[in-house]
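Participant: Structure provided below as structure tokens; questions to follow.
The values are calculated or read from the model by the stated rules, or taken from the named source; none is laboratory data. Computed from a predicted structure; not experimentally measured. Reconstructed Cβ throughout: ideal geometry from the backbone, glycine too, with neighbour counts over all protein chains shown. These area figures cover heavy atoms from the full protein model, side chains too; ligands, DNA and RNA do not enter into them. Shrake-Rupley method; radii C 1.70, N 1.55, O 1.52, S 1.80 Å.
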Amino acid sequence: MTSVAEILRSRTSTGFSIEVLPPLKGKGIDRLFADLDKLTRFKPLFVNITTHHSEPVYQPADGGNLRKVFVRKRPGTVAVAAAIQHRYNIPTVPHIICRGFSPEETEYVLIDLNFLGIKDLFLLRGDTDKEVLVPVSESHAHATDLIKQVLDFNDGLILDGQRVDKPEVPFSFGVAGYPEKHAEAPNMKTDIEWLKRKVDLGAEYVITQLFFGNEHFYRFVDTARAAGIDVPIIPGLKPLSRKAQLSVLPRIFNTEIPEQLVEKVSSASDDDVRTIGRDWLLSQASDLKEHGVPCVHFYTLGAVDTVCSVAQELYG
């Protein structure tokens with residue numbers, strides 16, 4: 001199967017891709033397949049699948065006390081990736097994250113993905129604001145460390161120092177970019193320097209964090225190009241669907257919501273917010289398509305029907 005990087009490099013028109021979540025623990029995959037049945041009608045270039053580390057929850061214990069246990073609410077990224085690729089014959093891109101996973105756990109994931117013939121990865125550090133089961137000291141500190149492990153694996157070097165057969169097809173991978181700067185970066189220059197390191201190590205494309213003003217993306221691309229980053233840069237988009245997101249999304253994703261969009265949503269009824277969000281998403285995606293980006297990446301959580309509507313208009 002052609003790698004995502006090869007697909008992006010060969011594009012002469014703007015395609016689209018989607019990101020989905022594994023089902024909650026204990027749930028079947030039927031709901032996810034139903035969503036993908038809708039989305040794949042418009043021929044996305046690839047599907048990303050998120051990965052989630054364990055998080056603390058408190059459960060009743062003896063004596064009326066609570067005990068803290070760590071639970072993975074959405075396990076199964078590897079299995080879901082395999083199921084999607086087999087069912088839809090489309091490149092699947094599981095997320096691999098540093099936070100909450102030891103290098104040994106990551107190695108087993110790479111082994112499993114290699115067995116399954118899944119050769120595309122998206123490499124991230126992961127959230128740092130939540131307590132995790134695997135201590136930070138036992139995880140990779142940065143995405144660059146994770147990249148080096150994948151490159152070693154591609155070269156046939158595993159963690160115990162043994163040399164093994166190289167994968168017949170090496171892993172290809174993309175990384176994240178932040179049009180409005182990563183929340184922990186002191187400035188955009190530093191953030192771009194870190195992105196350049198990841199590309200210099202071998203990242204073949206960049207997918208950005210969500211944004212609502214395309215000017216942020218175009219400025220980010222210009223800055224990245226000036227710094228020597230020449231791989232495809234894919235804009236990531238998500239529609240507003242609820243008023244509460246006006247305060248939630250900026251806090252979680254360090255993104256600015258344009259005044260015009262805030263005014264429209266603030267004065268609208270709850271039932272109209274989804275329509276406003278859909279129209280804004282369509283406007284963003286149309287503008288990006290006109291500017292010739294190779295792909296528009298849609299975050300579909302809670303927005304499958306909206307993304308389908310936009311895909312129908314742009315790619316139907």
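Participant: Once the other residues with Cβ under 12 Å from the Cβ of Ile257 are scored (Lys, Arg +1; Asp, Glu -1), what is the net sum?
Facilitator: Here the count lands on 0.
Participant: Let me check against my output: what whole-number percent is the relative contact order of the chain, with C-alpha pairs under 8 Å and at least 6 apart?
Facilitator: Value for the chain: 19 percent.
Participant: Given a 1.4 Å probe, how much area per residue of the chain is accessible, in Å²?
Facilitator: Details: 15350 Å² over 316 residues.
Spelled out: the 1.4 Å probe surface of the chain, per residue, equals 49 Å².
Participant: Moving on to the next point. Write down the Å³ per residue value for the convex hull defined by the alpha carbon atoms of the chain.
Facilitator: 158 Å³
Participant: Ignoring ligands, DNA and RNA, what percent of the accessible area of the chain is carbon or sulfur (1.4 Å)?
Facilitator: C and S atoms contribute 50 percent here.
Participant: Based on the Cβ-Cβ distance from Ile111 to Asp155, what FRET efficiency comes out when R0 is 22 Å, to the nearest 0.05?
Facilitator: According to the calculation, E is roughly 0.90.
Participant: What is the distance, in nm, between label points placed 7 Å from the Cα along the Cα-to-Cβ direction at Glu256 and at Lys166?
Facilitator: In this crude label model, Glu256 to Lys166 measures out at 4.6 nm.
Participant: Please give the contour-minus-distance gain from Ala268 to Asn187: 0.36 nm per residue of separation, less the Cα-Cα distance, rounded to one decimal in nm.
Facilitator: Going from the current span to full extension adds 25.6 nm.
Participant: What FRET efficiency would be calculated for the residue pair Lys38, His291, taking the C-beta separation as r and a Förster radius of 22 Å, to the nearest 0.05? The partial results should precede the final answer.
Facilitator: Details: r = 27 Å, r/R0 = 1.23.
The calculated FRET efficiency here is 0.25.
Participant: Using 0.36 nm times the number of residues separating Ser247 and Tyr88, minus their current alpha carbon distance, what extension gain do you get?
Facilitator: Contour length minus the Cα-Cα distance gives 53.6 nm.
Participant: Of Lys238/Lys264; Lys43/Lys196; Lys38/Lys148; Lys119/Lys196; Lys198/Lys243, which sit over 28 Å apart, Cα to Cα?
Facilitator: Lys43/Lys196; Lys38/Lys148; Lys198/Lys243
Participant: Still on this structure: Show the residues, 5+ positions off or on another chain, whose built amide H is closer than 5 Å to the amide H of Gly15.
Facilitator: HN-HN under 5 Å from Gly15: Cys295, Val296.
Participant: Determine ³J(HN,Hα), in whole Hz, for all residues of region 101-114 in sequence, where each value follows from phi through the Karplus function 6.51 cos²θ - 1.76 cosθ + 1.60 and θ = phi - 60°; x replaces Gly and Pro.
Facilitator: 10, 7, x, 5, 4, 4, 4, 5, 5, 4, 4, 5, 5, 4
Participant: About its Cα centre, how strong a charge dipole does the chain have in debye, to the nearest 20, once Lys and Arg get +1 and Asp and Glu get -1 at the Cβ?
Facilitator: 420 debye
Participant: Here's a follow-up. What percent antiparallel are the DSSP beta bridges of the chain, to the nearest 5?
Facilitator: 20 percent
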